[in-house]
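Q: Following this message is one structure expressed as structure tokens.
The values are calculated or read from the model by the stated rules, or taken from the named source; none is laboratory data. As the structure is a computational prediction, the values presented were derived from the model and not from experiment. Quick reminder, even Gly has a Cβ in these numbers, built from the backbone with ideal geometry, and neighbours come from all protein chains shown. With ligands, DNA and RNA removed, areas are computed over all heavy atoms of the protein, side chains included. Shrake-Rupley method; radii C 1.70, N 1.55, O 1.52, S 1.80 Å.
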Amino acid sequence: IGAYQTIVDGRKITFLDTPGHEAFTAMRAHGAWVTDIVVLVVAADDGVMPQTVEAVSHAKAAEVPIVVAINKIDKPDANPDLVKQQLADLGLVVEEWGGDVVCVPISAKKKQGISDLLENLFLVADILELKADPNCAAEGVVIEAKLDKTKGPLATLLVQKGSLEPGNVVVAGNTWGKIKAMFDDKGKPIRKAAPSVAVEILGINGVPKAGDAFTVVTNEHQARSIVDKQKTS
């Protein structure tokens with residue numbers, strides 16, 4: 001799972017990119033759990049695939065609203081109406097058919113409809129009043145983690161509440177540490193991560209699991225105590 005951010009008219013959208021292949025069912029389930037809005041991308045020429053059905057079920061289980069992007073509308077064999085019918089069969093009735101699901105036709109290759117998609121994401125976010133408090137101890141979820149040969153354990157965290165800064169002590173799953181440095185999705189150092197920002201952190205003592213919750217605690221003693229209790233429970 002990759003995390004990256006784009007800015008449109010001064011407003012930011014953070015995307016979690018989950019692979020479409022059916023082998024990544026668990027990753028998509030995790031993606032639905034940590035997101036506020038699911039963008040379901042369906043190819044206009046292929047239609048609904050088995051992994052599409054799985055993605056819909058994950059989003060419904062997580063009770064996350066779905067926005068549909070019908071891609072590849074530029075292709076000669078594109079059949080967006082068939083896609084809409086297939087989606088209706090899954091219980092996703094698009095607005096133009098009398099339902100409540102936002103559906104945007106796009107062509108990623110020709111960059112058609114992308115602005116409409118982003119605008120609709122803002123519209124859905126505004127209707128749902130998606131907000132978070134940046135002025136408290138940070139909480140969120142681990143998006144991915146790895147052991148780097150030179151840097152040691154690295155974890156990408158998505159902040160869902162509060163603000164995260166270097167020097168904060170975090171507990172992430174069964175790992176903990178004092179943040180030595182943070183980097184944004186482009187690898188540049190960042191001094192503060194507010195809600196909806198994904199950052200890679202350096203300074204934890206192990207590799208947490210994707211999907212682990214993280215929280216900022218008062219000090220390293222408290223962090224060590226929390227992790228020890230979790231390991232023995």
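Q: For the cross-link pairs Lys72/Lys146; Lys75/Lys146; Lys60/Lys131; Lys178/Lys231; Lys111/Lys192; Lys12/Lys111, which exceed 30 Å when the distance is taken from alpha carbon to alpha carbon?
A: Check vs 30 Å cut-off fails for Lys72/Lys146; Lys75/Lys146; Lys111/Lys192.
Q: Give the calculated FRET efficiency between Lys110 and Ser225 to the nearest 0.05, with a Förster radius of 45 Å applied to their Cβ-Cβ distance.
A: Efficiency, rounded to the nearest 0.05: 0.20.
Q: Then there is this: Just the number please: accessible area per residue for the chain, 1.4 Å probe, all protein chains included, in Å².
A: Each residue of the chain exposes 55 Å² on average to a 1.4 Å probe.
Q: Say R0 is 45 Å: what FRET efficiency, to the nearest 0.05, do Lys149 and Glu95 get from their beta-carbon distance?
A: My answer for the efficiency is 0.35.
Q: Mind telling me which of Glu96, Glu165, Glu144 comes out most flexible in a GNM of the chain, alpha-carbon contacts under 10 Å?
A: Glu96
Q: With a ≥ b ≥ c taken as the square roots of the eigenvalues of the C-alpha gyration tensor of the range 78-129, please select rounded if a/c is under 1.5 and otherwise prolate if a/b is larger than b/c or oblate if it is not? List each step's numbers first, then the result.
A: Values: a/c = 2.88, a/b = 1.08, b/c = 2.67.
Taking the square roots of the gyration eigenvalues as a ≥ b ≥ c, the range 78-129 is oblate.
Q: Based only on the alpha carbon positions, what is the Kirkwood hydrodynamic radius of the range 122-233, in angstrom?
A: 14.2 Å is the Kirkwood radius here.
Q: At 222 nm, what helix-only mean residue ellipticity would the chain give, in deg cm²/dmol to the nearest 500, using -39500 (n - 2.57) for each DSSP H run of four or more?
A: My calculation for the chain gives -8000 deg cm²/dmol from helical runs alone.
Q: While we're looking at this one, here's another question. Starting at 0 and stepping by 5 Å, how many percent of the alpha carbon pairs of the chain end up in each bin?
A: 1, 6, 13, 16, 17, 14, 11, 9, 6, 4, 2, 0, 0
Q: Where does helix 80-89 land angle-wise versus the long Cα axis of the chain, in degrees 0 to 90, nearest 10?
A: Result, in degrees: 70.
Q: Can you give the accessible area of Lys72 in Å² (nearest 10), computed on protein heavy atoms with a 1.4 Å probe?
A: That residue has around 70 Å² of solvent-accessible surface.
Q: Would you please classify the overall shape of the range 22-73 from the alpha carbon gyration tensor, given that a ≥ b ≥ c denote the square roots of the eigenvalues, rounded means a/c under 1.5, and beyond that prolate means a/b larger than b/c while oblate covers the rest?
A: oblate
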